[in-house]
Amino acid sequence: MVPAAAVEGLAAYRAVLRAARRTFSGDQLMLTESAVEIRRRFEDHRGLAPGSDDAARALSEAREAAHFITNMIVQAQRSPSGSFALEEHKH
């Protein structure tokens, strides 16, 4: 059986990746770089003791990051005229 802390950590990891994938859809560089950064951050916290204050803080930060990426970052697309157009994310 998988410990609850591992399940919660995996769910947070997937939520941040999903948020990045939706937000940076169509921008391969940002998709790749965000996935690398997300992985690095989670690897940095791998050794935290399950249930510790540090682990709880790291999970909270991951949930906040997913929310921030989804709701606060806007990707603009360059139109043929050279101006930029914003596309609304569908959640």
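Brief remarks on what is shown
- In units of the compact-protein estimate 2.2 N^0.38 Å, the chain shows a Cα radius of gyration of 1.29.
- Helix-derived mean residue ellipticity, 222 nm - over the chain, DSSP H n ≥ 4, -39500 (n - 2.57), to 500: -21500 deg cm²/dmol
- Surface composition of the chain: carbon plus sulfur atoms hold 57% of the accessible area, using a 1.4 angstrom probe and ignoring ligands, DNA and RNA.
- Accessible surface calculations at 1.4 Å, restricted to protein heavy atoms, place the chain at 75 Å² per residue.
The values are calculated or read from the model by the stated rules, or taken from the named source; none is laboratory data. Here the structure is a predicted model, which means the values were calculated and not measured. SASA here: full protein model, heavy atoms, side chains in, ligands and nucleic acids out. Shrake-Rupley method; radii C 1.70, N 1.55, O 1.52, S 1.80 Å.
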